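Peer 1: Please read through the structure below; I'll follow up with questions.
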Amino acid sequence: MQLHQALLLLTTNDLKERRKLTPIADRSTRKDHMVAAIADVLLSGDLSVVWAQLSDLEIDAIAEAVHNWDGRFDAVRFRAKYRAVPNLQPRDYYSSRTNSEPPSVLPLFFYQGEIPEDLRPRLAKLAPPPADSPIATLSDADLPTAIASRGGDQTSEPLRRLATEALVRHDLPAVLRLIGQGGVAVGAKTGLPGGAAVAKIEAILLGGDWYTSTDDWKEKRWVGGSIRPIRPFAWAVLLQAGGLAKQDGAKLALTARGKKALSEPIETVVAHLFERWQLKGTPDELRRVDLIKGQTAKGARLTAVAERRYVIGDALMDCPVGSWISVDELFRQMQLRGHQFAVTHNSWGLYFTDAQYGALGYDGYGGFEILQARYILVYLFEYLATLGMIDVAYTTPYYARPDYAGSWGTDEFVFLSRYDGLRYIRINALGAFCLDLAE
């Protein structure tokens, strides 16, 4: 849209408020006169006085729009980079009479969140290209040895770190052999392992599950529930999704592909399992976040899992191999670089505790940290880490990510998901191979 067109869509009062932000002396009340005068200043007039009133953050908003985002302002990406968002909206007539602070001149440049096409070249010369925001990485020596607990006693908890490629080289053939012996029972309708099957799988895994039974506070379901199982559960569903195992009555049995996998290179099998999980793995990772209710109702309208997984996979391909990245930095970079996905088409269909009062459609209830971030944590900690593609550094999940606090019905929650304790990840050599980042 051109500047004249954008100005003509404004009301007379809106034009008057914008004209006050310029050095225009003419006080004409005719709309066409005001449009022409404002456009003349912005496109060819002296902008030095106006430009001098912009804060650094506002200049950054203009710079990102004209240099990186085709003239549009992306609030999500901007906040991820700058930790704040300027107000693009002009002060209305009534608030301008009661607010003593000088109004921002930024609304002179943005119209419905976009800078007009004919104004962009001029602003691109005034606002230098913004600096990049590289991914912050850490070495082994940089990782903290402990993480401060946010629980009631404010103690520190050791940060556990695991290199997972060695685990999968042991675990994958071990679980395949256990299935081949008829040792894994699953639900006839769900295909999911029960308690006995989980215990059998855990017993043969190198190092067991991510958490031991002594790590588990064994809380009631409505405040969090158990933090186990993770790895044993993942193996049962990963092998079915990859076609290496299938239901045979009440138990899993190896398929021809599963028997062949016992003699194939581990990296080939893991790459196949990862590819199949991306495309058609079940269950939906969100189902593993037990405290988000309403997922099976029609009103939830959850999005396709394959679309979400491919977005996360693309985001991981932007990450350096062999360096630790905090999960919060991964979240920030995903939002900054546009690796965005929706979990549901109707967040009002999901809720905490009560469908009416705890609906995630309320402002602040169902944002990125609650839905997308929790989905990503399951995907990383339960599936990619189990496959040996990412090394992990983690604590227990209790009070690790209290960003849900303040939402209705969460006062007694000790965590939102059992995966909240994941703090750092590192793409290892096997992960680089599976993500096509290395041969």
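The values are calculated or read from the model by the stated rules, or taken from the named source; none is laboratory data. Since this is a predicted model, take the numbers as computed values, not measurements. As a convention, Cβ positions derive from the backbone with ideal geometry for all residues, glycine included, and neighbour counts pool all protein chains shown. Each accessible area value is taken on the protein alone, full model and side chains, heavy atoms only, with ligands, DNA and RNA left out. Shrake-Rupley method; radii C 1.70, N 1.55, O 1.52, S 1.80 Å.
Peer 1: Over 28 Å from Leu159 (Cβ atoms) and open to solvent by 60 Å² or more (accessible area, probe 1.4 Å): does that describe Lys200?
Peer 2: Criteria met by Lys200.
Peer 1: Ok, one more. Could you check segment 294-330 and list, in sequence order, the residues that are more than 19 Å from the chain's Cα centre (by Cα) and within 21 Å of Leu192 (Cα to Cα)?
Peer 2: Result: Gly294, Thr296, Ala297.
Peer 1: Is there any pair linking a residue in segment 285-301 that is within 26 Å of Thr386 (Cβ to Cβ) and modelled with pLDDT under 95 to one that is in a loop (DSSP other than H, G, I, E, B) and open to solvent by less than 70 Å² (accessible area, probe 1.4 Å), with Cβ under 8 Å and at least six apart or on different chains, and which?
Peer 2: none
Peer 1: Every residue in segment 345-367 that is in contact (Cβ under 8 Å) with a residue 40 or more places away in the chain and open to solvent by 20 Å² or more (accessible area, probe 1.4 Å), please.
Peer 2: His345, Asn346, Trp348, Tyr351, Thr353, Asp354, Ala355, Tyr357, Tyr362, Gly364, Tyr365
Peer 1: Can you tell me how many residues within segment 121-136 are open to solvent by less than 70 Å² (accessible area, probe 1.4 Å), closer than 18 Å to Phe331 by Cβ and not hydrophobic (A, V, I, L, M, F, W, C)?
Peer 2: 1
Peer 1: Hey, can you tell me all the residues within segment 42-78 that are of a type in the set (A, V, I, L, M) and farther than 13 Å from Leu123 by Cα?
Peer 2: Val49, Ala52, Leu57, Ala75, Val76 - these are the residues of segment 42-78 that are of a type in the set (A, V, I, L, M) and farther than 13 Å from Leu123 by Cα.
Peer 1: In segment 75-88, which residues are assigned to a loop (DSSP other than H, G, I, E, B) and in contact with a Leu (Cβ under 9 Å, 6 or more places away or on another chain)?
Peer 2: Once the filter is applied, which keeps residues that are assigned to a loop (DSSP other than H, G, I, E, B) and in contact with a Leu (Cβ under 9 Å, 6 or more places away or on another chain), segment 75-88 yields Ala84, Val85, Pro86, Asn87, Leu88.
Peer 1: Please indicate, with yes or no, whether at least one residue in segment 302-325 is open to solvent by less than 40 Å² (accessible area, probe 1.4 Å), in contact with a helix residue (DSSP H, G or I) (Cβ under 6 Å, 6 or more places away or on another chain) and at pLDDT below 95.
Peer 2: No - not one qualifying residue is present in segment 302-325.
Peer 1: Right, something else. When you check Phe415 against the structure, is it modelled with pLDDT of 95 or more, in a loop (DSSP other than H, G, I, E, B), in contact with a Phe, Trp or Tyr (Cβ under 6 Å, 6 or more places away or on another chain) and crowded, with 21+ Cβ neighbours inside 10 Å, yes or no?
Peer 2: Yes, satisfied.
Peer 1: Scan segment 428-436 and give yes if some residue there is under 19 Å from Lys293 (Cβ atoms), open to solvent by less than 20 Å² (accessible area, probe 1.4 Å), in a loop (DSSP other than H, G, I, E, B) and not basic (Lys, Arg), otherwise no.
Peer 2: no
Peer 1: So, one more: Take segment 326-344 and flag every residue that is surrounded by fewer than 17 Cβ atoms within 10 Å (Cβ to Cβ) and under 12 Å from Leu371 (Cβ atoms).
Peer 2: Gln340, Ala342
Peer 1: Go through the residues of segment 378-399 one by one and say whether even a single one is open to solvent by 10 Å² or more (accessible area, probe 1.4 Å), closer than 25 Å to Val321 by Cα, under 14 Å from the mean Cα position of the chain (by Cα) and in contact (Cβ under 8 Å) with a residue 12 or more places away in the chain.
Peer 2: no
Peer 1: Hey, another quick one. Specify which of the listed residues (Gly183, Gly207) is surrounded by 16 or more Cβ atoms within 10 Å (Cβ to Cβ) and in a loop (DSSP other than H, G, I, E, B).
Peer 2: Going through Gly183, Gly207 in turn, the sole match is Gly183.
Peer 1: Restricting to segment 223-261, count the residues that are buried (at least 23 other Cβ atoms within 10 Å of the Cβ), in contact with a strand residue (DSSP E or B) (Cβ under 6 Å, 6 or more places away or on another chain) and assigned to a helix (DSSP H, G or I).
Peer 2: Qualifying residue count, segment 223-261: 2.
Peer 1: Exactly one of (1) surrounded by fewer than 16 Cβ atoms within 10 Å (Cβ to Cβ); (2) within 24 Å of the chain's Cα centre (by Cα) is unmet by Glu264. Its number?
Peer 2: (2)
Peer 1: Against the condition closer than 28 Å to Leu205 by Cβ and among the charged types (D, E, K, R), how does Arg337 come out, does it pass?
Peer 2: No.
Peer 1: Tally the residues that are touching a helix residue (DSSP H, G or I) at 6+ places or on another chain (Cβ under 6 Å) and touching a residue at least 40 places away in the same chain (Cβ under 8 Å), restricting the search to segment 211-232.
Peer 2: Number of matching residues: 1.
Peer 1: From the set of residues in segment 279-301 that are surrounded by fewer than 15 Cβ atoms within 10 Å (Cβ to Cβ) and among the β-branched types (Val, Ile, Thr), which is nearest to Asp354 (Cα to Cα)?
Peer 2: Thr296
Peer 1: It is to be established whether one or more residues within segment 64-72 are closer than 17 Å to Ser133 by Cα and open to solvent by 60 Å² or more (accessible area, probe 1.4 Å).
Peer 2: Scanning segment 64-72, I find at least one residue that is closer than 17 Å to Ser133 by Cα and open to solvent by 60 Å² or more (accessible area, probe 1.4 Å), so the answer is yes.
Peer 1: Next up: For segment 111-118, check the following and say yes or no: at least one residue is under 31 Å from the mean Cα position of the chain (by Cα), assigned to a helix (DSSP H, G or I) and not basic (Lys, Arg).
Peer 2: Taking every residue of segment 111-118 in turn, none turns out to be under 31 Å from the mean Cα position of the chain (by Cα), assigned to a helix (DSSP H, G or I) and not basic (Lys, Arg).
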